[in-house]
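My questions will all concern the structure given below.
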Amino acid sequence: MDKKENISPQLDGFESGFNIKTLLAALFVGFIMLPAGIYMGLIAGTCLGAAAQWVTLILFVEVAKKSFIQLRRQEIYLIFIVANSLMMVGTAGIMNGGAFSSLVWEQYFVQSPYAKAFGLSSQIPLWAVPPAGSAALIQRTFLSKVWLMPILILLATQILSRVNAFTLGYYFFRVTSDFERLEFPMAPVAAEGVWALTDLSAKKDTNRWRIFVTGGMIGIIYGAFYVLIPTFTGLVMAKPFTLIPIPFVDFTSQIGSIFPASVLGFMTDLGNIFIGFVLPFWVVLGTFVGSIGAQTIANPILYKHTTFLKTWQPGMGAIPAYTSTTIDFWISVGIGLGIAVLILSIISVTFKMRRKEKKIKTAVKLPENRGDSSLAVMLGIWALSTLAYVGLCHFLVPHFPLLLILLFGFILTPVLTYISARMFGITGVATGISFPYLTEGTYILSGYKGADIWYMPLPYFNHGAMTQGFKQMELLKVRFTDWYKTEFMALGIMLFCSFLFWSVIWKMGPIPSSTYPFVQRIWPMMAIPRALWVSSTVAGGATWLLDSIKGAVIGWSAAGGLVTAGIMMLLKVPIAFFYGIVGGIPMLPHMAFPMFFGALLGKFFFARRIGVKEWRSMTPLLLAGYGCGMGLAGAASVAVALIANTVFLLLY
């Protein structure tokens with residue numbers, strides 16, 4: 001690849017890309033892609049995020065070319081952000097549809113047989129959702145005064161969450177990128193894809209564009225077998241025909257009789273192999289060692305020789321086995337390792353501050369016109385947004401201890417964000433970086449009684465991913481202030497379109513129902529643990545959670561993590577290997593296997609044939625192109641499904 005094609009912070013100055021084209025892209029995604037995403041989420045649980053992003057980008061680039069207009073990379077990337085912002089808000093992480101998808105889920109839960117069986121329907125607060133049997137729920141409409149308070153709270157939290165994320169995310173971007181100089185290995189993926197489309201807009205036949213198209217063709221061809229065939233056959237057959245198992249091939253139940261509690265399998269999406277191409281080899285190796293070592297090898301040993309894994313049962317598949325072993329043991333290990341990572345992060349920053357005290361001014365010199373803000377001002381705005389959250393929580397649930405809300409907002413959120421930000425900066429991902437069940441445990445141990453605590457908008461966030469977003473903006477020379485403008489402009493469009501399309505679709509028929517097979521099957525599964533959690537502060541405690549948190553395991557895991565990191569440093573093993581292990585322990589082997597295969601294939605085959613430097617420059621483009629191709633295949637399946645179901649409704 002020519003040096004001029006490489007992404008470099010020194011390429012040219014920062015420019016603005018926020019203009020009428022960004023607004024048109026947001027309107028296109030909001031009024032065209034968002035309803036398609038809602039529909040596919042209800043039907044098949046399919047996420048249209050990647051499809052919306054790349055389809056929107058390619059469409060706008062092609063329209064601009066026909067109009068003899070060249071889109072700059074800043075404009076292209078902001079269009080990319082618009083699509084991501086509009087399409088990535090969903091219910092419990094499984095369904096697109098914008099902010100109002102959460103209210104549609106709540107209307108189901110309050111009327112569900114599980115809420116009624118646990119006596120929750122009458123105890124869920126009216127400021128969260130109208131009561132079961134109310135006219136608004138029977139008529140399936142948001143246009144009722146009983147929805148006023150839930151909608152106002154939703155709007156307030158949508159605005160506050162973005163202010164909170166931008167300010168704290170920016171602060172830790174400055175810490176991890178400008179001061180600590182972490183690499184953020186996954187940041188170039190979206191950036192390289194944007195560069196390829198910039199070349200296309202400029203009508204340049206570059207090596208970058210050819211590599212992107214190669215990845216795109218692989219994604220389209222594989223997506224035809226992976227997505228399109230099941231979609232086509234599902235329209236005419238009782239059960240869709242799948243040539244490739246979705247989402248993984250699982251051996252867990254088959255090996256359970258020989259290796260009890262062992263989890264084993266592999267994902268069938270080629271994207272995981274492409275991720276293995278991109279991530280640093282030591283990170284992927286550590287992830288593989290952590291995942292296989294914990295979930296596949298250690299679980300049978302723990303089951304046979306300890307009393308930890310008590311809930312595993314023969315015949316369990318990957319998800320139930322993984323869930324049971326996580327609750328029984330690995331949840332405590334994850335908390336301990338999170339503490340170890342935090343301590344290492346503090347030591348690392350302190351060490352660098354002492355070593356470079358005299359060079360701080362030159363080390364953190366900010367690029368001109370990047371759109372930087374005063375750290376004190378950003379921290380002040382973050383503190384005000386957190387205080388607004390605290391005030392809202394105290395207003396809604398006045399008897400819950402105020403000190404605990406302050407602890408989550410002002411201590412745990414920045415701690416978790418910093419740990420995650422460093423993981424993104426070192427490994428490119430932050431899988432498993434959390435304090436599992438901390439919120440639930442706090443609610444139960446607090447002694448508070450009532451269902452309303454589970455609906456309180458607690459200011460407990462992980463904004464670590466924002467640091468990677470700022471890094472991508474820096475690589476593409478897009479002003480940070482443009483991101484703020486774009487995000488809040490997209491927020492307004494998302495809220496309107498989400499309200500509009502959910503109102504229409506909900507009015508057409510109950511959700512869930514036989515019309516929407518995915519949510520009809522999945523939402524009852526989600527409602528069971530939700531009912532158990534909410535009832536734990538109403539009619540007796542959830543002792544299983546308290547039993548699963550093992551202080552000794554947390555302590556030994558934290559100590560073991562620190563000792564292991566120290567030994568690796570003494571042996572001069574790359575620290576990325578340690579962070580890979582930490583991220584791999586809570587990861588399903590199903591993801592670790594294809595990532596490791598991709599890393600081996602890239603390091604020992606492609607890199608040797610093409611050259612290490614050339615291969616490293618190609619991998620982000622291949623991954624971005626593959627995501628685009630799969631997105632196009634997903635968009636085609638959406639179009640087919642929408643047309644077919646519309647025709648069916650018209651005929652019958």
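Those residues that are surrounded by 24 or more Cβ atoms within 10 Å (Cβ to Cβ), in a loop (DSSP other than H, G, I, E, B) and at pLDDT 85 or above, I need them from segment 61-117; list them, please.
Within segment 61-117, just Phe100 meets the criteria.
Next up: Find the residue count for segment 243-257, including only residues that are over 20 Å from the mean Cα position of the chain (by Cα) and not in a helix (DSSP H, G or I).
Here the count works out to 8.
Of all residues being of a type in the set (S, T, N, Q) and closer than 12 Å to Val534 by Cβ in segment 118-145, which is modelled with the lowest pLDDT? Just the residue, please.
Ser121
Ala318 - would you say it is within 30 Å of Met630 (Cβ to Cβ), of a type outside the set (D, E, K, R) and either at pLDDT 90 or above or touching a Leu at 6+ places or on another chain (Cβ under 8 Å) (or both)?
yes
Please find, among Phe288, Phe277, Phe281, the residue that is touching a Gly at 6+ places or on another chain (Cβ under 6 Å), surrounded by 19 or more Cβ atoms within 10 Å (Cβ to Cβ) and closer than 30 Å to Ile220 by Cα.
The conditions single out Phe277.
With crowded, with 22+ Cβ neighbours inside 10 Å, over 25 Å from the mean Cα position of the chain (by Cα) and either touching a residue at least 40 places away in the same chain (Cβ under 8 Å) or closer than 30 Å to Phe251 by Cα (or both) as the only criterion, which of Gly629, Gly602 stands out?
Only one candidate passes the filter, namely Gly602.
Among the residues of segment 568-599, what is the count of those that are part of a helix (DSSP H, G or I), surrounded by fewer than 19 Cβ atoms within 10 Å (Cβ to Cβ) and in contact (Cβ under 8 Å) with a residue 60 or more places away in the chain?
Summing the residues that are part of a helix (DSSP H, G or I), surrounded by fewer than 19 Cβ atoms within 10 Å (Cβ to Cβ) and in contact (Cβ under 8 Å) with a residue 60 or more places away in the chain in segment 568-599 gives 2.
So Ile381 passes all but one of these: (1) within 29 Å of Val582 (Cβ to Cβ); (2) modelled with pLDDT of 95 or more. Which condition number does it fail?
If we test Ile381 against (1) within 29 Å of Val582 (Cβ to Cβ); (2) modelled with pLDDT of 95 or more, just (1) comes out false.
Same structure, new question: Look through Pro260, Pro240 and report the one residue that is part of a loop (DSSP other than H, G, I, E, B) and either β-branched (Val, Ile, Thr) or farther than 30 Å from Ile218 by Cβ (or both).
Going through Pro260, Pro240 in turn, the sole match is Pro260.
Considering (1) buried (at least 20 other Cβ atoms within 10 Å of the Cβ); (2) on the phi < 0 side of the Ramachandran plot, say which one Pro524 fails and leave the rest.
Condition not satisfied by Pro524: (1).
Residues in segment 15-41 that are among the aliphatic types (A, V, I, L, M) and either over 18 Å from Met494 (Cβ atoms) or touching a strand residue (DSSP E or B) at 6+ places or on another chain (Cβ under 8 Å) (or both): how many?
Counting residues in segment 15-41 that are among the aliphatic types (A, V, I, L, M) and either over 18 Å from Met494 (Cβ atoms) or touching a strand residue (DSSP E or B) at 6+ places or on another chain (Cβ under 8 Å) (or both) gives 1.
If you don't mind, there's one more thing I want to ask. In this structure, is Ile522 among the β-branched types (Val, Ile, Thr), closer than 30 Å to Ser332 by Cβ and modelled with pLDDT under 80?
yes
While we're looking at this one, here's another question. Return yes or no: is Ile38 part of a helix (DSSP H, G or I) and at pLDDT below 80?
For Ile38, the condition - part of a helix (DSSP H, G or I) and at pLDDT below 80 - is met.
Is it fair to say Thr242 is of a type in the set (Ser, Thr, Tyr), surrounded by fewer than 19 Cβ atoms within 10 Å (Cβ to Cβ) and modelled with pLDDT under 90?
Yes.
Which members of segment 118-172 meet the condition of being touching a residue at least 24 places away in the same chain (Cβ under 8 Å), assigned to a helix (DSSP H, G or I) and more than 30 Å from the chain's Cα centre (by Cα)?
Once the filter is applied, which keeps residues that are touching a residue at least 24 places away in the same chain (Cβ under 8 Å), assigned to a helix (DSSP H, G or I) and more than 30 Å from the chain's Cα centre (by Cα), segment 118-172 yields only Leu137.
Oh, and also: Can you name the helices (runs of 4 or more DSSP H) wholly within segment 390-502 that have at least 2 residues being at pLDDT 90 or above?
402-407, 413-427, 464-475
Now for a separate question. Can you tell me which of (1) out of contact with any Lys or Arg (no Cβ under 8 Å at 6 or more places or on another chain); (2) surrounded by fewer than 18 Cβ atoms within 10 Å (Cβ to Cβ) is the one Arg140 doesn't meet?
Of the numbered conditions (1) out of contact with any Lys or Arg (no Cβ under 8 Å at 6 or more places or on another chain); (2) surrounded by fewer than 18 Cβ atoms within 10 Å (Cβ to Cβ), the odd one out for Arg140 is (1).
Here's the yes/no breakdown for (1) at pLDDT 90 or above; (2) in contact with a strand residue (DSSP E or B) (Cβ under 7 Å, 6 or more places away or on another chain); (3) more than 30 Å from Gly629 (Cα to Cα):
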site	(1), (2), (3)
Asp205	no, no, no
Thr231	no, no, no
Gly234	no, no, no
Pro260	yes, no, yes
Ile273	yes, no, no
Ala294	yes, no, yes
Pro300	yes, no, yes
Thr311	no, no, yes
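Which residue out of Gly290, Gly234 is within 25 Å of Trp330 (Cβ to Cβ), in a helix (DSSP H, G or I) and of a type outside the set (Lys, Arg)?
Criteria check complete, one pass: Gly290.
When both residues are 6+ apart or on different chains and their Cβ atoms are under 7 Å apart, which pairs have a first residue that lies in segment 325-338 and is over 13 Å from Tyr303 (Cα atoms), and a second that is among the β-branched types (Val, Ile, Thr) and assigned to a helix (DSSP H, G or I)?
Filtered contacts from segment 325-338: Ser332/Val553; Ser332/Ile554; Val333/Val553; Ile335/Ile554; Gly336/Val553; Gly336/Ile554; Leu337/Val582; Gly338/Ile419.
Tell me, which residue of segment 605-626 that is crowded, with 24+ Cβ neighbours inside 10 Å and among the hydroxyl-bearing types (Ser, Thr, Tyr) is nearest to Thr323 (Cα to Cα)?
Tyr626
Residues being within 18 Å of Ala298 (Cβ to Cβ), in contact (Cβ under 8 Å) with a residue 24 or more places away in the chain and out of contact with any strand residue (DSSP E or B) (no Cβ under 8 Å at 6 or more places or on another chain): count how many of those fall in segment 240-256.
Residues that pass the stated criteria total 1.
With more than 26 Å from Pro280 (Cα to Cα) and either part of a helix (DSSP H, G or I) or at pLDDT 90 or above (or both) as the only criterion, which of Val227, Val175, Val213 stands out?
None of the others qualify; the one that does is Val227.
The values are calculated or read from the model by the stated rules, or taken from the named source; none is laboratory data. Since we're looking at a predicted model, the values are computed, not measured. Don't worry about glycine lacking a Cβ; one is built from the backbone with ideal geometry, like all the others, and counts go over all protein chains shown.
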